[in-house]
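The values are calculated or read from the model by the stated rules, or taken from the named source; none is laboratory data. Please read these numbers as outputs of a predicted model, since none were measured by experiment. All Cβ positions, even for glycine, are placed from backbone atoms using ideal geometry, and neighbour counts span all protein chains on display. All accessible areas refer to the heavy atoms of the entire protein, side chains included, with ligands and DNA or RNA removed. Shrake-Rupley method; radii C 1.70, N 1.55, O 1.52, S 1.80 Å.
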Amino acid sequence: MASHSNKCLKFNILKECSVSKARTSFMVLPHYTVTTPVFMPVGTQGTLKGLLPEQLEALDCHIILGNTYHLGTRPGPELIRKAGGLHKFMGWNRALLTDSGGFQMVSLLSLAEITEEGVKFESPYGGSHCMLSPENSIHIQNAIGADIIMQLDDVVKTTTTGPRVEEAMERGGEAKSSFWRIVNLCTDYLPKDKPRYLMGVGFASDLVVCVALGIDMFDCVFPTRTARFGCGLTESGQINLKKQTYQCDYRPIEEHCDCSTCQRYTRAYLHSIVTVDTVACHLLTVHNISFQMRLMKSIQKSIEEDKFPEFVRNFMRKCFVEKEYPEWIVEALSAVNIHLDCS
């Protein structure tokens, strides 16, 4: 789709599932029109590890995520602003969302001092200090020139106890039994005419369930990070190509996948190079991003045709071949009137 010059987000719901809370829509953003539900690959520091921007476009990726903390630290907001924003700096022509830097309160906690004014970080690149305040977070994101920017949030580890948790307003845990209930509750109360964004979710089964619960947007490092560990994504779960069982396996990662990796390379070849040669990271990243994009397209199509519950049941049967569905998935889907055959 062509780029757009208007400066505000327009959100239009195209079709709603007649059974669950799933919906498909499009967002008109300054740089691109994004179809939802959408998965956003994470390009932390102005690059998606293992792929060029033109390869992402070829995979029909509409929007990626950049990280405010890392980009603000290196190369810095002023350099990016002088380059004309991150789109021009990295050669990405489609939509871009930036997070606020809040998650680094967890991932870089040893380098952070949290106060009422913001978060004082020690730079991992040289030991200098920077203050990430709510105002500074927005300043950096404006310099980046993202289509969607996020406010600075206060994030804590789910294992944290005591006053620090209370200070962060007890924002919840990662136990799936609690996770889906919070998602379901939030989508009941969030505005229907605005996109609903669930951060840090990328497992295929989680994406399917959370779409059913009414979520429109997702991001996660999972598909690219797991590629660097030598793992490929399939409908029945991820496979670890480092295992000896793939040494003489001349099938592609996934039989029906039309990505360039699956069209040309076998599991045996990938087994011989994973975690050794950098090209393996590239080839697996191509496949894993292709898998995520294809999953989201299938979800969109099933909603458009009002066949989403059928899609969910077929997906779960492939994902859990023995029908040993996790209890949280059964409960979450039942809450939105999608019932799995567990017999």
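Conditions tested, residue by residue: (1) open to solvent by 50 Å² or more (accessible area, probe 1.4 Å); (2) farther than 26 Å from THR36 by Cα; (3) outside any loop (DSSP other than H, G, I, E, B).
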| position | (1), (2), (3) |
| --- | --- |
| LYS242 | yes, yes, no |
| ALA280 | no, yes, yes |
| THR285 | no, no, yes |
| ILE289 | no, no, yes |
| GLN292 | no, no, yes |
| ASN314 | yes, no, yes |
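With GLY200, GLY232, GLY214 as the choices, which residue is on the phi > 0 side of the Ramachandran plot, of a type outside the set (D, E, K, R), open to solvent by less than 20 Å² (accessible area, probe 1.4 Å) and touching a strand residue (DSSP E or B) at 6+ places or on another chain (Cβ under 8 Å)?
Result: GLY214 is the single residue among GLY200, GLY232, GLY214 that is on the phi > 0 side of the Ramachandran plot, of a type outside the set (D, E, K, R), open to solvent by less than 20 Å² (accessible area, probe 1.4 Å) and touching a strand residue (DSSP E or B) at 6+ places or on another chain (Cβ under 8 Å).
Pairs please, first residue from segment 40-58 and closer than 17 Å to ALA227 by Cβ and acidic (Asp, Glu), second anywhere and surrounded by fewer than 17 Cβ atoms within 10 Å (Cβ to Cβ) and at pLDDT 95 or above, Cβ atoms under 6 Å, 6+ apart in sequence or on different chains.
So the pair list comes out empty.
I'd like to check something: does segment 41-50 contain any residue that is open to solvent by 20 Å² or more (accessible area, probe 1.4 Å), touching a helix residue (DSSP H, G or I) at 6+ places or on another chain (Cβ under 6 Å) and assigned to a strand (DSSP E or B)?
no
Can you run down the residue pairs with Cβ atoms below 8 Å, 6 or more apart or on separate chains, where the first is in segment 286-305 and closer than 15 Å to THR234 by Cα and the partner is in a helix (DSSP H, G or I) and among the polar types (S, T, N, Q)?
VAL286/GLN55; VAL286/SER260; VAL286/THR261; HIS287/THR261; ASN288/THR224; ASN288/THR226; ILE289/THR224; SER290/THR261
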